[in-house]
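Quick note: the coordinates plus some simple rules give every number you see, no bench work behind them. Not measured: the values here are computed from a predicted model. Heads up, the Cβs are rebuilt from the backbone with ideal geometry, glycines too, and the neighbour counts pull from every protein chain shown.
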Amino acid sequence: MQIKLTGDNLFKILTAIVAASTVIILIVTAYTLVTGSERTLQKFGAGFFFGTSWNPVEGREAFGALPYVFGTLVTSCIALLIGVPLSLGIAIFLVEMAPKFLRVPIGYLVELLAAVPSVIYGLWGLFVFRYWIVNYIEVPLSTYLGWIPIFSGTPFGLDIFTAGIILAIMIIPTVASVSKEVISAVPNSIREGAYSIGATKWEVIRHWVLSYGRSGIFGAIILGLGRAVGETMAVAMLVGNATGPAAMPTSLFRPGQTMASLIANGFLEATSPLEKSAYIEVGLILLFVSLLINIAAQVMVTRVLKVKGGAVEQ
Amino acid sequence: MSGYLFRKFKNRLFFVLCGTCVVIAVIPLLSILYEVVIKGAPALSLNFLTQRDAYGGIGQAIQGTLILIGLTGIIGIPTGVLSGVFLSEYGNNKYATTLRTVNDLLTEFPSIVVGITAFGIIVLGVIGSYSPLAGGVALSFIMIPIVAKTTEESLKLVPNSVREASLALGVHKWRTTLRVVLPAAKGGLVTGILLAIARIAGETAPLIMTVLGNSYFFQGFFSPMDALPLRIWRDSLQPYANLQAQGWGAALILILIVLSLNIAVRVASRGRLKR
């Protein structure tokens with residue numbers, strides 16, 4: 001018995017304990033965030049979620065997360081609206097259309113987009129990309145359509161819109177690579193059947209391939225949403241760093257703030273323990289939202305990729 | 001017949017549209033690389049790479065990033081690899097399935113949240129001040145799930161016959177795993193570790209509240225430290241042209257580190273596939 005314990009079983013137990021580290025990290029994170037935000041949880045309760053002010057002045061403290069929740073929502077929606085069609089186009093091109101010699105290099109270039117650090121996206125956005133957006137999109141739109149509330153304001157490039165576009169670029173590799181896997185997992189017999197009744201390539205993709213893999217592609221989109229929600233540095237540098245009621249995303253061309261960017265921009269400036277606790281509670285909301293999104297994404301993606309080559313999934 | 005021509009036209013149109021998507025996605029990448037090289041290259045000099053901030057260099061930031069990579073590696077690589085070993089070699093049960101799910105969730109964690117966690121445990125708790133250790137812990141929280149996943153996947157690629165051959169010679173399972181299976185999967189393991197290092201080298205958000213930034217070289221485990229991504233972030237927000245140029249120079253160094261790791265991995269794994 002003793003020899004058994006020092007050998008294989010011991011190794012198995014050791015690895016099993018080490019493997020639990022991920023669960024421990026998750027629990028510790030949740031615990032740290034809850035205890036860290038104790039003060040605001042007690043003082044404001046549910047009001048924190050619906051409040052719009054951010055006032056650290058002693059005696060008149062009031063903290064609310066609503067503008068940043070909305071800011072995260074709006075920037076992520078812009079990212080999805082622009083990033084998803086592009087990613088699907090790339091995925092379809094790579095699996096169904098590109099000549100063989102192009103597939104690997106193009107797939108690699110798209111993957112490199114994911115390798116570029118977030119802070120470098122921010123730097124490039126701040127000094128280069130921002131001016132493309134201002135000169136070619138924001139100024140024309142606000143000149144001719146400025147009377148529409150969402151295009152109001154004086155565009156100078158550090159706003160909700162620019163942050164949304166940079167997020168769109170940053171989620172492309174995620175959404176494209178997962179969709180690519182999903183599309184490749186569609187059995188060839190489906191394609192052959194469709195071709196045999198005279199469909200063109202586009203019709204095969206549109207009516208058969210995409211609808212067969214729709215649950216997985218939906219999962220890829222949700223995964224992209226998770227990326228967009230949690231992305232910090234590039235957004236923090238481009239979103240305009242507004243706080244309080246002014247951060248409500250009323251116009252695309254006004255400075256805003258997301259949950260992640262609020263923490264990155266303000267955490268170190270927090271003066272009172274109550275303000276620090278408010279930042280941590282925003283982090284807690286962010287954690288909760290991102291966990292929900294990612295669980296949903298995983299359920300959908302694994303469901304499709306598991307039936308690879310198997311029965312048709314409805 | 002016109003219906004047929006129209007359908008053929010639509011087919012062509014979507015082919016072109018999908019190609020355009022690829023071009024649009026590649027433009028930012030090329031522009032980033034171009035700008036970083038054009039704006040960063042003039043800043044480079046021996047002085048820039050080795051001296052600290054006050055003497056016009058980013059030496060302390062490069063040193064900080066290397067220290068962070070080292071600390072993260074010490075914590076993250078053994079933990080990640082052993083987790084991967086468990087998931088692959090003993091992973092046929094409910095416990096392991098749960099761990100896999102949590103692992104996947106952790107991979108997609110917002111990095112700023114990890115920063116707050118390390119701030120709470122290390123900066124406020126164990127150490128009591130901003131510290132390189134806090135940065136290392138935060139980054140290893142990001143690294144562990146990545147290494148665990150790639151380790152599991154590359155161990156699963158090792159054919160079972162290899163394990164059986166070793167077991168048939170009377171070698172214990174733990175010895176088989178450590179001396180036969182792990183070496184056989186060496187390539188995949190190294191690939192995963194290098195990719196994880198590339199990822200954490202560029203992480204900025206968790207460093208803000210853990211290592212804080214510093215304009216001096218490493219000052220021990222109880223004081224703040226600098227890192228390349230932090231330096232880029234702070235420089236980019238400065239209104240002075242010389243500091244912005246320093247930021248671009250630092251960005252060039254960082255992107256060289258990250259991309260060379262990525263390309264090295266790509267070249268290495270292509271060689272493996274050919275063989």
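What the table shows:
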read-out: Given charges at Cβ of Lys, Arg, Asp, Glu: segment A:66-306 dipole, positive-most of A:90, A:294, A:193; value: A:193
read-out: Dipole axis of segment A:66-306 (+1 Lys, Arg; -1 Asp, Glu on Cβ), positive-most option in A:69, A:104, A:122; value: A:104
read-out: Computed magnitude of the charge dipole of chain A (debye, nearest 20; Cβ of K, R +1, Cβ of D, E -1); value: 720
read-out: Distance in nm between pseudo-label sites at residue B:263 and residue A:135 (7 Å out along the Cβ direction from Cα); value: 2.9
read-out: Formal net charge of residues neighbouring residue B:246 (Cβ-Cβ distance under 13 Å; K, R +1; D, E -1); value: +1
read-out: Ranking of A:201, B:94 by count of other Cβ atoms within 10 Å, fewest first; value: B:94, A:201
read-out: Lys, Arg +1 and Asp, Glu -1 on Cβ, resulting dipole of chain B about Cα centre, debye, nearest 20; value: 1260
read-out: Range of Cα positions in the protein assembly as shown per principal axis (Å), largest first; value: 83, 71, 55
read-out: Footprinting exposure proxy for B:87, B:139, A:268 (fewest neighbouring C-beta atoms within 10 Å first); value: A:268, B:87, B:139
read-out: Calculated FRET efficiency for the pair residue A:49/residue A:246, C-beta based, R₀ 25 Å, to 0.05; value: 0.85
read-out: Against the rule of thumb 2.2 N^0.38 Å, how large the Cα Rg of segment B:10-152 comes out; value: 1.48
read-out: Simple label model, 7 Å out from Cα along Cβ direction - residue A:38 to residue B:169, nm; value: 5.7
read-out: Charge dipole (debye, nearest 20) of the protein assembly as shown; +1 at Cβ of Lys and Arg, -1 at Cβ of Asp and Glu; value: 2020
read-out: DSSP H segments from chain B that extend 24 Å or more along their own axis, Cα-based, with Kyte-Doolittle mean of 1.0 or above; value: B:2-40, B:59-89
read-out: Positive-end extreme of charge dipole, chain B - chosen from B:252, B:132, B:148 (charges on Cβ); value: B:148
read-out: Distance between modelled label sites at residue B:37 and residue A:73, nm, 7 Å Cα→Cβ extension; value: 4.4
read-out: Net lengthening on full extension, residue A:60/residue A:296 (0.36 nm per residue, minus Cα-Cα); value: 81.0 nm
read-out: Neighbour-count order for A:238, B:49, fewest beta carbons within 10 angstrom listed first; value: B:49, A:238
read-out: Entries in A:12/B:149; A:12/A:180; A:100/B:39; A:100/B:10; A:201/B:149 that, when Cα-Cα distance is taken, lie over 28 Å; value: A:12/A:180; A:100/B:39; A:201/B:149
